[in-house]
Amino acid sequence: ARVEETVLYPALAALFNVHMSSGPLRDHGEITRQFDDLVQSRERAAVRGAVPPELHSQLDALVRLLARHLRQSEDTVLPMLEANLTPKQARTLDERMHAALSGAVAATPRRRGSRLHEDAYATSGVGRPERRVSPGIAGKE
């Protein structure tokens, strides 16, 4: 979320003279809140030795919110980028986002016994020399 807020949304504003509505930003705040609630429930479960009843509903709510947020991005932001960015602009944006992600992953707090940091790093693509630009953007070359 922070990478979108600090790199992607300002790039969209500069490139297309648009202002990202409060919708995506509101989603980010709600995603963070729900994730924090889920972590607290998990910690309570570890202390009690039992899964609290709200854990499943919290997880379901977070998954639905993430799915909606990603769908909105796929339906609006990504097509806008693919239709309007040159290959050079796409590479620059991609590099900036991955650099910001690298910093965010490195700054992720690592708690003893937690896989949060390892999972974030493993799914981020940081350090892996793989293709990160979508085929639609790369096809503009």
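What follows draws every value from the coordinates through simple rules; no lab data is involved. These numbers were taken from a predicted model, which means no experiment stands behind them. Methodologically, a virtual Cβ is constructed for each residue, glycine included, from the backbone with ideal geometry; neighbour enumeration extends over all protein chains shown.
Annotations for the structure displayed:
- Gain upon complete extension [A13, R64; 0.36 nm per residue less C-alpha separation]: 15.6 nm
- Here the spin labels are modelled as points 7 Å beyond Cα on the Cα-Cβ line, and at E30 and T76 they lie 1.3 nm apart.
- Spacing of the two label points (7 Å from each Cα toward its C-beta) at S102 and V47, in nm: 3.9
- Ordered from longest to shortest, the equivalent ellipsoid semi-axes for the stretch 35-82 are 33, 9, 5 Å, each the square root of 5 times a Cα gyration tensor eigenvalue.
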